[in-house]
1. Once both labels are modelled 7 Å past Cα along the beta-carbon direction, what's the Asp54-Asn124 spacing in nm?
2. Keeping the other protein chains in place, figure out the carbon and sulfur percent of the accessible area of the stretch 42-103, with a 1.4 Å probe.
3. With a ≥ b ≥ c the root eigenvalues of the C-alpha gyration tensor of the stretch 51-111, is it rounded (a/c under 1.5), prolate (a/b larger than b/c) or oblate?
4. How much length would be gained if the chain were fully extended between Lys84 and Leu117, taking 0.36 nm per residue of separation minus their Cα-Cα distance, in nm to one decimal?
5. Roll a 1.4 Å probe over the protein heavy atoms and report the accessible area of Ser66 in Å², nearest 10.
6. Would you work out if the stretch 30-166 is rounded, prolate or oblate? Take a ≥ b ≥ c from the square roots of the eigenvalues of the alpha-carbon gyration tensor; rounded if a/c is under 1.5, else prolate when a/b is larger than b/c, oblate otherwise.
7. Set the Förster distance to 25 Å, then compute FRET efficiency between Arg133 and Val37 from the Cβ-Cβ distance, nearest 0.05.
8. What's the extension gain from Asn97 to Leu166 if we count 0.36 nm per residue and subtract their Cα-Cα distance?
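The values are calculated or read from the model by the stated rules, or taken from the named source; none is laboratory data. Nothing here was measured: the structure is a model prediction, and the numbers come from that model. Glycine gets a Cβ as well: all are built from the backbone with ideal geometry, and neighbour counts include every protein chain shown. Protein only, heavy atoms only, side chains kept; ligands, DNA and RNA dropped before computing areas. Shrake-Rupley method; radii C 1.70, N 1.55, O 1.52, S 1.80 Å.
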Amino acid sequence: MQYLLRRILLIVVVCSGLIACEKEEKLSNNNLLEQDVQVNYSSIELKLLSLVNDHRIQLGLTKLNSLGLISKEAENHSAYMAEKDLVSHDNFNIRTNNLYENLGTVNVGENVAYGYLTANGLLNAWLASSDHRIIIENKNFTDFGVSAKLNASGRYYFTMIFIKRL
């Protein structure tokens, strides 16, 4: 019970415009159907997906599947942050619940950031932060999605969501 409570606590770390968050829950319904959606990724989003998988492969971890439904959740949050001009995990519970209901998710991790101009720079910053690295290198995750949105001032806001499906 104590282990489950620790896993449910949200990891929130604010460091140089970076925040990481993770939540794990068990679903009672194991027969949820995946309903993926089509996403048109930007070059920075594609590069970030590729770099994260390259990093995982170098560590002997499994490559993650990119799912449009996860990226749509990330896109909604990146747009929210860009509009507010504030990096946050606001409404994380809504995103996780959507993923639980639509993908049979049992674990969700989220990294957010702002202000980076390249995927390499962002990944290096996340890997330099232990809380972000833990999420990226979690051996149990199976899928991920990403979004990068520019605000009115031309600053990128990023959301990368990682999940474990049943």
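1. About 1.3 nm separates the two model spin labels.
2. Answer for the stretch 42-103: carbon and sulfur cover 47 percent of the accessible area.
3. On the way: a/c = 2.35, a/b = 1.44, b/c = 1.63.
In terms of gyration-tensor shape, oblate.
4. Numbers: separation 33, 0.36 × 33 = 11.88 nm, distance 1.91 nm.
Length gained between Lys84 and Leu117: 10.0 nm.
5. 50 Å²
6. Judged from the Cα gyration tensor, the stretch 30-166 comes out oblate (a/c at least 1.5, b/c at or above a/b).
7. 0.30
8. Between Asn97 and Leu166, full extension yields an extra 23.4 nm.
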